[in-house]
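Have a look at the structure below, then the notes.
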Amino acid sequence: MSALIPRPAREIAPCAVHVPDWLTLDEQRHLVVECRRWATAPVPMRAAQLPTGHRMSVQTVCLGWHWKPYSYSRTADDAGGGRVAPVPDWLVALGRRAVAAAFRAPADDYTPDAALINFYDETAKMGMHQDKEERSDAAVVSLSIGDTCTFRFGNTFNRGKPYTDVELVSGDLFVFGGPSRFAYHGVPKVFPGTCSVDCGLKSGRLNITLRVTGLADA
Ligand code: MD3
Ligand code: FE
């Protein structure tokens with residue numbers, strides 16, 4: 001995206017770094033092609049059911065470890081029972097480049113073992129939450145493709161104020177480490193029709209997060 005108003009890289013909170021326009025359009029299109037494959041097999045993308053009985057409006061498929069509210073497993077027990085596909089080496093390498101870009105330091109020891117791929121249609125949103133099923137405080141990498149959204153980055157104490165709203169545009173990178181790793185965050189709004197066709201998506205928004213679960217097989 002070329003912006004009239006520049007969007008410099010910015011540290012939103014300690015170790016929470018937003019790097020606008022990090023993915024090239026080629027990389028975005030390649031990720032969209034791969035996400036379409038991951039969304040069909042061996043585990044179908046689905047809207048996860050919450051313990052309340054409500055379904056999430058966001059649809060998710062996972063690599064490495066399957067996440068359902070609120071635990072990880074190797075098989076998708078709420079989505080056909082298939083064994084999840086591994087995180088490919090090229091995606092681990094992309095994660096290392098992402099952490100290195102955000103923190104301006106080599107990240108060769110960063111080895112995410114899970115990826116969550118979220119798809120938002122024009123009405124989907126994600127409430128304020130913490131990600132704390134992981135047994136590691138390693139950084140989370142977030143890649144956005146498609147329609148622009150408002151991303152709300154909060155604090156570690158409660159799901160309300162203070163928080164900072166950031167626009168995430170197709171190609172943007174966000175990395176959350178250190179004291180920001182367990183902050184509340186959410187996506188209150190997606191703006192339909194804001195993505196360029198060149199990103200590979202016609203409508204909606206994809207978010208890919210790379211995580212270190214710290215889990216081991218039994
Ligand atoms: C900060 N996804 O999958 S990405 C999620 O855009 C999730 O789909 C949102 O929240 C999305 O759990 C936000 C940014 C993000 C992801 C994980 C984090 C921020 C985070 C984990 C810890 C702290
Ligand atoms: Fe999250």
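Worth pointing out:
- Extension gain for LYS189-ASP89 works out to 32.8 nm (0.36 nm per residue, less the C-alpha to C-alpha distance).
- All Cα pairs of the range 77-168, percent lying beyond 14 Å: 76
- Applying the Karplus relation 6.51 cos²θ - 1.76 cosθ + 1.60 with θ = phi - 60° to the range 74-86 yields 3J(HN,Hα) values of 7, 10, 8, 5, 9, 8, x, x, x, 7, 5, 5, x Hz, where x marks Gly and Pro.
- Heavy-atom accessible area per residue - the chain, 1.4 Å, Å²: 48
- Sulfur and carbon atoms: percent of accessible area, the range 1-143 [1.4 Å]: 55
- For the range 1-131, the relative contact order works out to 22 percent when only alpha carbon pairs closer than 8 Å and six or more residues apart are counted.
- Extension gain (nm, one decimal) between ASP165 and ALA47, 0.36 nm per residue minus Cα-Cα: 40.0 nm
- Cα-based shape type of the range 1-85, given that a ≥ b ≥ c are square roots of the gyration tensor eigenvalues and the cut on a/c is 1.5: prolate
- Amide proton proximity set for ALA114, modelled H, under 5 Å, gap of 5+: ARG211, THR213
- Student exercise, the chain dipole from Lys, Arg, Asp, Glu Cβ charges, in Debye to nearest 20: 440
- FRET efficiency, 1/(1 + (r/R0)^6) with R0 35 Å, evaluated for VAL197 and ALA105 via beta carbons: 0.45
- Rh by Kirkwood over Cα pairs, then Stokes-Einstein D for the chain at 0.890 mPa s and 25 °C, µm²/s: 141
- Lysine pair count for the chain with Cα-Cα distance under 19 Å and sequence separation of 8 or more or different chains is 7.
- Whole-Hz ³J(HN,Hα) from phi, Karplus 6.51 cos²θ - 1.76 cosθ + 1.60, for the range 116-129, glycine and proline x: 10, 10, 9, 10, 10, 7, 5, 10, 6, 8, 10, x, 5, 7
- Estimated 222 nm signal from helices in the chain, with DSSP H stretches of n ≥ 4 weighted -39500 (n - 2.57), rounded to 500: -4500 deg cm²/dmol
The values are calculated or read from the model by the stated rules, or taken from the named source; none is laboratory data. Remember, predicted model here, so these are calculated numbers, not experimental data. Glycine also receives a Cβ, built like all others from the backbone with ideal geometry; neighbour counts cover every protein chain displayed. Just so you know, the surface numbers come from the protein's heavy atoms only, side chains and all, with ligands and any DNA or RNA stripped out. Shrake-Rupley method; radii C 1.70, N 1.55, O 1.52, S 1.80 Å.
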